[in-house]
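The values are calculated or read from the model by the stated rules, or taken from the named source; none is laboratory data. Computed from a predicted model, the values in this text were never measured in an experiment. Glycine gets a Cβ as well: all are built from the backbone with ideal geometry, and neighbour counts include every protein chain shown.
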């Protein structure tokens, strides 16, 4: 394990290099065969899904055909959850990925039953040159509160097959939030600035405070450092207060969105998003072995270069799924769909997308 789990330096470097590294990502979606027809065929094959969209909340249900006016984003979808499917979807979105690449993954508390399968992640990481899994320590006291505890948890959970960078192990860096209502900057794990690109590989599921945890939550909380940034995002003055006294609902959805915006602005065209909709407990992987057993069936994998579109599409598929009651209740009781509303307000992507089944 010592050879693979690294603690990279958290020194801050200038953000100016972003302006020098802007590479055009046009054509990243090349290779899709008649996407309009593919999206239309997917809808035709599942008319019950289409009907259920009419019953879902306005924010949580928009599947837009590829040829619809204003449809800007493409979301690739596979019903098969496997390393092969994951790599096929990634190949559709990876044109902007280059250089030293961070794979932002929620590695979970010890023995968590719902974290992404190690074999699938291993095969994926092996196909991404010069890549490492990245994480940060937690705000709450648990299995990943200190770097030492975190390193041991990584071993226990089997994340030993590649470098794992605990980004706040040796420092922090402030990344600016442009156009935010709550923040001008957010404190992140310091070594985030050492990466040229980021792949956000997310286990989509419920969340005790956020309602759901998709790609946005993965980077909003998962890149913020454990002491400063995560307290900023949770907007709590005293971390010793009971959880039910922490700011939540719309406020939390907005602070998370602004933190995520700092990350996507930093990487620019060099960040992509993959949501894996499997074992979707109402609880996050930070709940470990206490997470509730999932009651909604596995759905598949979604991938996009658009953060809002991939989380919007994931919510749409959840709302369209049989057996979704518990997860939908968790999302709505926490005002989780406000994540999508506020990301749209901050222009963090498009909620109009074409779902292209692979």
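Residue pairs whose Cβ atoms lie under 8 Å apart, separated by 6 or more positions or on different chains, with the first residue in region 227-246 and on the phi > 0 side of the Ramachandran plot and part of a loop (DSSP other than H, G, I, E, B) and the second at pLDDT below 95 and surrounded by 11 or more Cβ atoms within 10 Å (Cβ to Cβ), are 235/246; 235/247.
On the stretch given as region 149-201, residues that are in a loop (DSSP other than H, G, I, E, B), within 19 Å of the chain's Cα centre (by Cα) and under 16 Å from residue 232 (Cβ atoms) total 3.
If you go through region 116-143 and keep only what is within 21 Å of residue 221 (Cβ to Cβ) and within 19 Å of the chain's Cα centre (by Cα), you end up with 116, 121, 132, 133, 134, 135, 136, 137, 138, 139.
Please verify whether residue 157 is touching a helix residue (DSSP H, G or I) at 6+ places or on another chain (Cβ under 7 Å) and either surrounded by fewer than 23 Cβ atoms within 10 Å (Cβ to Cβ) or within 27 Å of residue 243 (Cβ to Cβ) (or both), treating the condition exactly as stated.
Answer is no for this residue.
Residues in region 84-99 that are more than 21 Å from residue 197 (Cα to Cα) and surrounded by 16 or more Cβ atoms within 10 Å (Cβ to Cβ): 85 only.
Where helices (runs of 4 or more DSSP H) fall wholly inside region 32-136, the ranges with 2 or more residues that are over 18 Å from residue 354 (Cα atoms), modelled with pLDDT of 95 or more and out of contact with any strand residue (DSSP E or B) (no Cβ under 8 Å at 6 or more places or on another chain) are 83-91, 118-126. Tallying residues that are out of contact with any strand residue (DSSP E or B) (no Cβ under 7 Å at 6 or more places or on another chain) and farther than 16 Å from residue 252 by Cβ within region 325-347 yields 6. Evaluating residue 284 against the criteria (1) surrounded by 24 or more Cβ atoms within 10 Å (Cβ to Cβ); (2) at pLDDT 95 or above leaves one unmet condition, (2).
For the criterion of being closer than 16 Å to residue 207 by Cβ and either buried (at least 19 other Cβ atoms within 10 Å of the Cβ) or at pLDDT 95 or above (or both), residue 296 passes.
In region 319-340, the condition of being touching a helix residue (DSSP H, G or I) at 6+ places or on another chain (Cβ under 6 Å), surrounded by fewer than 23 Cβ atoms within 10 Å (Cβ to Cβ) and assigned to a helix (DSSP H, G or I) is met by at least one residue.
If only residues of region 225-242 that are under 23 Å from residue 290 (Cβ atoms) and crowded, with 24+ Cβ neighbours inside 10 Å are counted, the one that is farthest from the chain's Cα centre (by Cα) is 226. If we scan region 299-308, do we find a residue that is within 16 Å of the chain's Cα centre (by Cα), closer than 29 Å to residue 184 by Cα and assigned to a helix (DSSP H, G or I)? Yes, because at least one residue in region 299-308 is within 16 Å of the chain's Cα centre (by Cα), closer than 29 Å to residue 184 by Cα and assigned to a helix (DSSP H, G or I).
Of the residues making up region 103-115, those that are more than 13 Å from the chain's Cα centre (by Cα) and within 22 Å of residue 220 (Cβ to Cβ) are 108, 109, 112, 114, 115. For region 286-297, check the following and say yes or no: at least one residue is touching a residue at least 60 places away in the same chain (Cβ under 8 Å), closer than 24 Å to residue 121 by Cα, in a helix (DSSP H, G or I) and touching a helix residue (DSSP H, G or I) at 6+ places or on another chain (Cβ under 7 Å). No, that holds for no residue. If you check residue 261 against the conditions, is it within 28 Å of residue 180 (Cα to Cα), surrounded by fewer than 24 Cβ atoms within 10 Å (Cβ to Cβ), in contact with a helix residue (DSSP H, G or I) (Cβ under 9 Å, 6 or more places away or on another chain) and at pLDDT 95 or above? Judged against the criteria, residue 261 is not a match.
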